[in-house]
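The values are calculated or read from the model by the stated rules, or taken from the named source; none is laboratory data. Just so it is clear, the structure is predicted and the values come from calculations on it, not from any experiment. Positions of Cβ are generated from backbone atoms using ideal geometry, with glycine treated the same way; all protein chains shown enter the neighbour counts. The area values use the complete protein model at the heavy-atom level, side chains included, leaving out ligands, DNA and RNA. Shrake-Rupley method; radii C 1.70, N 1.55, O 1.52, S 1.80 Å.
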Amino acid sequence: MYHMVDKLYNAKNMTLPKFAYQENEEETPTLDGEIGDEEDRVAKTFAGQVLFITGGTGFLGKVLVEKLLRACPDIKKLYLLIRPKYGKDPQVRIKDIFSNVLFDTLKQQRGEEELFKQIQAISGDVMLPDLGLSQGDRDILANEVTIVYHCAATIRFDEQLRKAVLMNTRGTKLMLDLAKTLKKLKLFAYVSTAYCHLHIKKLYEKPYAPPANPHGVIKACEWLKDEEVDLITKQILGDIPNTYAYTKSLAEALVVETFDDLPTVILRPSIVIPIWKEPLPGWTDNINGPTGLLIGAGKGVLRTMYCKSSGYGDFLPVDIAVNGMIVASWKNLYGPKVTTRIAHMTSSNEIKISWAEIIELGRWVIENKLPLNGVVWYPGGSMKSNYYVHYICMILFHWIPAIFIDALLILLRYQPVLCRVQKRITKGFEVFEYYANNVWNFDNGVAVELRKMMNKTERKKYIIEKIDLDLIDYFQHCVLCARRCILKESDDTIPAAKKHMKVMWFVDRLCKIIFYSFMIYWLYTKLF
């Protein structure tokens, strides 16, 4: 990892990255020289398999589906559990999903017609009893499926407890019930999270006791109404800060119960962030995590954070996390009958990037290389280690400007927006602050072991190495993709955005000079 100052110096000569991913032999990490001529045993193991994936429409799920189809083209069939939505047939929704730029490389390699022969939608919903599956679809799955990836979950940290239980916990129970009917099942992979046992600061790749009996919690939530569960949520959660961690830990316990009866494994990715390398550097489909912080700071609306600057989170680019999931699955399919049943896809045991480094480098990229359109104020602010100082700054630099600007918008007969944005930011802070001011470490012994098992071909194709992440380059890709895919800002607006950023820099400095001059004058008149 280069020093931050060196990164900033070297970044001055960088050019904007291309949008489409192009395989580059020199940029892709190799291990001992050139790629070996060994066979890809991972792809060979997945050849002829029939997969059933839930949550394939989510961020991690999309990347998992894309990687499996691109790296393991001989998969026999891939069934995706899809909810009927907006009156659209699930098979039509699959085509809508595959219209995303994420799948462009895959479609160019395989051809759309061939690709859609390999993929089939299964209409259902993990929130519904019996997963909302028809008997015909149940029969198809029972007779054909060999590998299951259960990724579906609500990832909202502030989700109502009843809904989170029904989706994350009961949904997992229903999937395990379905797995018992699958005649050819070889592997059931439950995608959990490394952050589901928050009372443990050093998490190992082993089961942990749940905070409650998952069966009892499911029955209670089936019996009670939303409002009734809301009244007792705080008492139920206890020291657990959110419903996401609570319900995922309950779901893990359900999977652990089946270890003796089913070929189940638990995969624990940490905080997945935009793609590092393939198929599209910087790609994401949401504003969760660092991407949201980049956009909020880049627009000038995020100016204070309650966060220990020296602390760090466990972040992992989603393509590396997916590689780890696939290779861990391969180990259980290809390796000895009794293998590790829990595997981490984490980074903090090998790479630690502080919050200060993330914020400063991200802000530098937006200020100097790729500014966003419609910047409200010149990016600034800082992290605060004292909550009360942060709270005062939030009132001064978040709420007062938001109220002032919204009042102007109302007078000009425009729709007010900033107060609504600040409400979302404040709510997000409530979740973020807990994670930003605590530190967890995660053992990654399985990943280290897997690297030894893999040959050169596999280690290049399914990278799970300790990556030398160039943060400036990475953030440029993230911001560029956020501009194009999320904010819908075209590249031809970048020059105008740079000019606007220079204007906002001047306005910011002018206002500060006026403010400090006024304060000095006021103090002078009071003292003399």
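Laid out as a table, the results:
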| read-out | value |
| --- | --- |
| Percentage of interatomic Cα-Cα distances in the chain larger than 41 Å | 25 percent |
| Proportion of all alpha-carbon pairs of region 388-452 beyond 17 Å (%) | 61 percent |
| Overall Cα dimensions of region 128-225 - principal axes, largest extent first, Å | 42, 36, 22 |
| Sequence ranges 265-275, 509-519, ranked by mean other-Cβ count within 10 angstrom, highest first | 265-275, 509-519 |
| Residue-span extension gain [TYR388 to ALA496] - 0.36 nm each, minus C-alpha spacing | 35.1 nm |
| Two-site label geometry, LYS352 and ARG451: point separation in nm, points 7 Å out along Cα→Cβ | 1.8 nm |
| Accessible area of region 418-512 belonging to carbon and sulfur atoms, whole % at 1.4 Å probe | 60 percent |
| Per residue value of the accessible surface for the chain (all protein chains in place, 1.4 Å probe), Å² | 48 Å² |
| Beta bridges by DSSP in the chain, antiparallel share as percent, to the nearest 5 | 5 percent |
| Protection-proxy order for peptides 374-381, 110-117, each taking the mean of Cβ atoms within 10 Å per residue, highest first | 374-381, 110-117 |
| Cα convex hull volume per residue for region 299-351 (Å³) | 126 Å³ |
| Other-chain or far-sequence residues with amide H under 5 Å of ALA194's (modelled H) | SER270 |
| Region 37-170: radius of gyration over Cα atoms, expressed as a fraction of 2.2 N^0.38 Å | 1.10 |
| Within the accessible area of region 87-150 (1.4 Å probe), percent carbon and sulfur | 46 percent |
| Region 79-233 - share of DSSP beta bridges that are antiparallel (%, nearest 5) | 10 percent |
| Label-to-label distance, nm, for residues given as CYS511 and GLU222 (7 Å Cα→Cβ offset) | 5.6 nm |
| Length-normalised contact order for the chain - Cα pairs under 8 Å, 6+ apart - percent | 19 percent |
| Percent accessible area from carbon and sulfur atoms, region 219-281, protein chains only, probe 1.4 Å | 55 percent |
| Values of log10 I(q)/I(0), in the order q = 0.10, 0.19 Å⁻¹, for region 393-517 under a Debye, Cα-only, solvent-free model | -0.65, -1.36 |
| Base-10 log of normalised Debye intensity for region 45-84 (one unit scatterer per alpha-carbon) at q = 0.17, 0.20, 0.24, 0.31 Å⁻¹ | -0.41, -0.56, -0.77, -1.08 |
| Average silhouette area of region 208-259, convex hull of alpha-carbon atoms, in square nanometres | 3.7 nm² |
